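**Q** The following block contains the structure, expressed as structure tokens.
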Amino acid sequence: AHHEKVPSQLESVNSMPLYPTEDILWDDNVVPTELYYGERVLALPKLNLQFLTFHDYLLRNYKLFRLESTYEIRDDINDVCQRVQPSTVTVGTARFNGWARMGQPINRFEIKDVRKPNVGESKPSRVIGEIMLDLAGMRPNVRNEWEHLRQHDVLFLLSFYDNSESLQARMAHKQRLIDERAMANDSGQKFVPNDMIDAREFYGLRHVRGCEVILIKDENSETVEDGRFDTAQKERKGNIRLIRVEMDAAQYQLDLASGNEDVYSKFNLLMRRDPKENNFKAVLSTIRDLMNTEVNIPSWLRDVFLGYGDPKRCHYTNLPADQQLSTIDFYDTFVDSDHVVASFGDSEVTFDDPPKREDGSEPRIEPPFKIAFPNGDQKTIRVMSYIPPNPGPYP
């Protein structure tokens, strides 16, 4: 053990699950509540004015964005739990007394495929699961939103009440928590802020796992969504939808190692989020891919980007002579010559004679344009129209 290799930061990030679980979602030491007043120090990376390396900059952003998205997901889960009002009738069975637009009970979930790890890795290369969702009884507008699930959409699987605690005991425990944490509003009514609710204690939430949609089938096993346009135009038959999803392989490996493989047989609620706010997985994956890639930053930008040196050195007038461009091709940036004059309103703009056309028609000053800066500034610019080369059959 004394001679064991210490995992690097990059190895730790690569083995870290992208989706938050119940352990981190309600850990106040990691993700504080809205009522945090700064009375204690939080173990959070800081975005300073200076960074050691580009990897250091990416790592700090990765950790902070992961925690920020976790905070937002926690609020969404609390909201869904509050609306569906889960309760238990028998051991291991949950009943939902309410309904939520963003959360629906599922008929079943099962793991369909676990592929072998890639060379040099311990986690499976891919973990595929399947969700059976019944759309019967939904309001038309809500059903339409669930029918618009697309490939790469991120969903969350939730499980409730897998213990033997009676409903009466749980309701009594919930009331004690409300009495302890309740606050009074302006009218004197007591309420518990949504941010202070621990869904594990209030609603019996046990497990949270994230997944990504791969394809969707109707009850006739016809694929109605797999990322292709022609598939999305198919008529969807029946009320049953089979949603094939990709689980987080790193989290699946952690669950197996800790003996929690039965987690995946107890999910009973599927939650979705607003697509405009649900891009966290793509952002985290992009940052992680950048950390695994050797990023080459131009030498004139590297020091300033990391917070060192004089920022004026990055101005184009201070660049070496061989790196300064006196003429720039703007391609189709400008609509016409008036657009060029309006864009450089404080400059003296002159137009060169347009080139002769092969068909013998009258030369016209029209885009595309090349603009020259003779004196290295924008006080006087020279605009040249040119005929673009023939791109051939594949423009």
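**Q** If you check residue 322 against the conditions, is it closer than 27 Å to residue 298 by Cα and of a type in the set (Asp, Glu)? Explain how you work it out, then say what you get.
**A** On the way: closer than 27 Å to residue 298 by Cα: yes; of a type in the set (Asp, Glu): yes.
Judged against the criteria, residue 322 is a match.
**Q** Give the residues of segment 210-231 that are open to solvent by less than 30 Å² (accessible area, probe 1.4 Å) and in a helix (DSSP H, G or I), sorted by residue number.
**A** Residue satisfying the conditions is 231 alone.
**Q** So, one more: State all residues of segment 242-267 that are part of a helix (DSSP H, G or I) and under 21 Å from the mean Cα position of the chain (by Cα); if no residue qualifies, say none. Give the derivation first.
**A** Step one: filter segment 242-267 for residues part of a helix (DSSP H, G or I), giving 249-257, 261-265.
Correct list: 249, 250, 251, 252.
**Q** Also, I was wondering about something else. With the requirement that a residue be more than 15 Å from residue 251 (Cα to Cα), part of a loop (DSSP other than H, G, I, E, B) and in contact with a strand residue (DSSP E or B) (Cβ under 8 Å, 6 or more places away or on another chain), what does segment 100-130 give you?
**A** Scanning segment 100-130 gives 102, 106, 107.
**Q** When the residues of segment 131-158 are filtered to those that are assigned to a loop (DSSP other than H, G, I, E, B) and in contact (Cβ under 8 Å) with a residue 12 or more places away in the chain, which remaining residue is most open to solvent (accessible area, probe 1.4 Å)?
**A** So the first thing to find is which residues in segment 131-158 are assigned to a loop (DSSP other than H, G, I, E, B), and the list is 135-139, 148-153.
Within this subset, residues satisfying the condition of being in contact (Cβ under 8 Å) with a residue 12 or more places away in the chain are 135-136, 138, 149-153.
Working: 135: 3, 136: 54, 138: 33, 149: 10, 150: 81, 151: 58, 152: 119, 153: 46 Å².
The selected residue is 152.
**Q** Assigned to a strand (DSSP E or B) and open to solvent by less than 40 Å² (accessible area, probe 1.4 Å), is that true of residue 270? Show your work before the answer.
**A** Working: assigned to a strand (DSSP E or B): yes; open to solvent by less than 40 Å² (accessible area, probe 1.4 Å): yes.
Answer is yes for this residue.
**Q** Being at pLDDT 90 or above, closer than 28 Å to residue 20 by Cα and open to solvent by 50 Å² or more (accessible area, probe 1.4 Å) is the requirement here; does residue 239 meet it?
**A** Numbers: at pLDDT 90 or above: yes; closer than 28 Å to residue 20 by Cα: no; open to solvent by 50 Å² or more (accessible area, probe 1.4 Å): yes.
It is false that residue 239 is at pLDDT 90 or above, closer than 28 Å to residue 20 by Cα and open to solvent by 50 Å² or more (accessible area, probe 1.4 Å).
**Q** Please give the strands (runs of 3 or more DSSP E) falling wholly within segment 279-395 in which 2 or more residues are surrounded by 14 or more Cβ atoms within 10 Å (Cβ to Cβ).
**A** Output list reads 348-351, 369-372, 380-385.
**Q** Under 7 Å between Cβ atoms, which residue pairs at least 6 apart in sequence (or on different chains) link something in segment 276-298 that is in contact (Cβ under 8 Å) with a residue 24 or more places away in the chain and farther than 22 Å from residue 248 by Cβ with a partner that is open to solvent by 40 Å² or more (accessible area, probe 1.4 Å) and hydrophobic (A, V, I, L, M, F, W, C)?
**A** Qualifying pairs under 7 Å: 295/54; 297/54; 297/305.
**Q** Could you give me the residue pairs with C-beta distances under 6 Å whose first residue belongs to segment 10-29 and is within 20 Å of residue 56 (Cα to Cα) and part of a loop (DSSP other than H, G, I, E, B), whose second residue is open to solvent by less than 30 Å² (accessible area, probe 1.4 Å) and among the aliphatic types (A, V, I, L, M) wherever it lies, and which are 6+ apart or on separate chains?
**A** Note: pairs meeting the criteria are 15/250; 17/250; 18/284.
**Q** Looking at 11, 68, 4, which is the one that is out of contact with any Leu (no Cβ under 9 Å at 6 or more places or on another chain), open to solvent by 70 Å² or more (accessible area, probe 1.4 Å) and modelled with pLDDT of 90 or more?
**A** Working: 11 fails: modelled with pLDDT of 90 or more; 4 fails: modelled with pLDDT of 90 or more.
Being out of contact with any Leu (no Cβ under 9 Å at 6 or more places or on another chain), open to solvent by 70 Å² or more (accessible area, probe 1.4 Å) and modelled with pLDDT of 90 or more holds for just one of 11, 68, 4, which is 68.
**Q** Being in contact with a strand residue (DSSP E or B) (Cβ under 6 Å, 6 or more places away or on another chain) and either modelled with pLDDT under 90 or buried (at least 17 other Cβ atoms within 10 Å of the Cβ) (or both), is that true of even one residue in segment 250-262?
**A** Going residue by residue through segment 250-262, those that are in contact with a strand residue (DSSP E or B) (Cβ under 6 Å, 6 or more places away or on another chain) are 252.
Add one more test, that the residue is either modelled with pLDDT under 90 or buried (at least 17 other Cβ atoms within 10 Å of the Cβ) (or both), and what stays is 252.
Yes.
**Q** Tell me, please, whether a residue that is among the aromatic types (Phe, Trp, Tyr) and in contact (Cβ under 8 Å) with a residue 24 or more places away in the chain can be found in segment 310-326. Steps first, answer last, please.
**A** Of the residues in segment 310-326, the ones among the aromatic types (Phe, Trp, Tyr) are 316.
Cutting the leftovers down to in contact (Cβ under 8 Å) with a residue 24 or more places away in the chain gives us none.
Looking through segment 310-326, none of the residues is among the aromatic types (Phe, Trp, Tyr) and in contact (Cβ under 8 Å) with a residue 24 or more places away in the chain.
The values are calculated or read from the model by the stated rules, or taken from the named source; none is laboratory data. Computed from a predicted model, the values in this text were never measured in an experiment. Backbone-built Cβ (ideal geometry, glycine too); neighbour counts: all protein chains shown. The area values use the complete protein model at the heavy-atom level, side chains included, leaving out ligands, DNA and RNA. Shrake-Rupley method; radii C 1.70, N 1.55, O 1.52, S 1.80 Å.
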